[in-house]
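The values are calculated or read from the model by the stated rules, or taken from the named source; none is laboratory data. On a predicted model such as this, the values are computed, not experimentally measured, just so you know. Counting neighbours? That spans all protein chains shown, and the Cβs are built from the backbone with ideal geometry, glycine included. When the accessible area is computed, the model is the full protein with side chains, heavy atoms only, and any ligands, DNA or RNA have been set aside. Shrake-Rupley method; radii C 1.70, N 1.55, O 1.52, S 1.80 Å.
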Amino acid sequence: HRKIAVIDNIITYCGSQNCADPAFLPKAKFAPWVDVLMRFEGPVVRQNQHLFAGDWMTNGGDDISDLLREPMPPAVSGFTAQAVGTGPTYRNRAMPEMFETLIYAAERTLFITTPYYVPDAPLQAALCAAANRGVDTTIIFPARNDDFAVGATSRSYYLDLLEAGVKVWEFAPGILHAKTLTLDGEVTLIGSANMDRRSFDLNYADNIRLHDPATTAALHARQLEFRASSRDVTLAEVRGWGMRQRLWNNALAIVGPVL
């Protein structure tokens, strides 16, 4: 599930973009697929190169470890960044713990986009706690999910989120596939990890966490563009859902851990 590109050992990209065009013909009825990528230079490139080399050589590729010994150009400016790779053969709790730590660290604002939301209890509790303590908390999901079961499961968590004060939006134009988190106008988390149990427990994912107000502001501006194309989901609306819809969402949530 990792999406890593490293160019000449000096440039790397990280985000949610797969090697497919926005129409993604196998699932064209859900198009367009909307993604976000970030381009990085500096020491974090070597961190992503380590992830790529480990994946490549572990899965039968030739030995490219010499790439990891090439000299890096000196970093003359920039910001703090860290590449994080997780998977079922590593300490798979690292990614959800990073999400939860960032959510608990938020003091003023927290803005998240994720296509697939099947959280474990600590992650759901962290989001609700953020809103309950007064953090302006927003999360955007796709209005139509390419996986009907995950879409229904995600909606089973809306009521608790909304009652805690989380602002829930649904993106209308297509699949908002971007996995982004910004907090307090300073910190960004971007990458391939969804906020769901499959991504946390089964997928090999990669994210980059960074601390920089300018870069965070640029990503947050893109998040606001997504919100402008989304529909506000209200507490009154969710409380008004019929019994059939509630049963459907909650029944699928029961099998959420295997979705």
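Here are some notes:
- Helices (runs of 4 or more DSSP H) lying entirely in the range 82-184 (those with 2 or more residues that are closer than 22 Å to Leu235 by Cα): 121-132, 148-155, 158-164
- Filtered residues of the range 203-239 (kept if farther than 18 Å from Lys167 by Cβ and without any contact (Cβ under 8 Å) to a residue 24 or more places away in the chain): Ala214, Ala218
- Failed item in (1) open to solvent by less than 40 Å² (accessible area, probe 1.4 Å); (2) closer than 18 Å to Leu210 by Cα; (3) within 15 Å of the chain's Cα centre (by Cα), with Asp35 passing the rest: (2)
- Beta carbons closer than 9 Å, at least 6 apart along the sequence or on distinct chains, pair a first residue in the range 248-259 that is farther than 21 Å from Val238 by Cβ with a second that is modelled with pLDDT of 70 or more and acidic (Asp, Glu) for Pro257/Asp120; Pro257/Asp201.
- Selection over the range 119-144 of residues that are touching a residue at least 40 places away in the same chain (Cβ under 8 Å) and open to solvent by 10 Å² or more (accessible area, probe 1.4 Å) gives a count of 3.
- Qualifying residue in the range 148-156 (condition: at negative phi, out of contact with any helix residue (DSSP H, G or I) (no Cβ under 9 Å at 6 or more places or on another chain) and surrounded by fewer than 19 Cβ atoms within 10 Å (Cβ to Cβ)): no
- The range 197-217: number of residues that are open to solvent by less than 10 Å² (accessible area, probe 1.4 Å) and in contact with a strand residue (DSSP E or B) (Cβ under 7 Å, 6 or more places away or on another chain): 7
- One residue stands out among those in the range 196-241 that are outside any helix (DSSP H, G or I), at pLDDT below 95 and within 16 Å of Ser154 (Cα to Cα): the one that is nearest to the chain's Cα centre (by Cα), which is Asp196.
- Cβ pairs under 6 Å, 6+ apart, first in the range 50-73 and without any contact (Cβ under 8 Å) to a residue 60 or more places away in the chain and small (Gly, Ala, Ser), second surrounded by 12 or more Cβ atoms within 10 Å (Cβ to Cβ) and part of a loop (DSSP other than H, G, I, E, B): Ala53/Ile64
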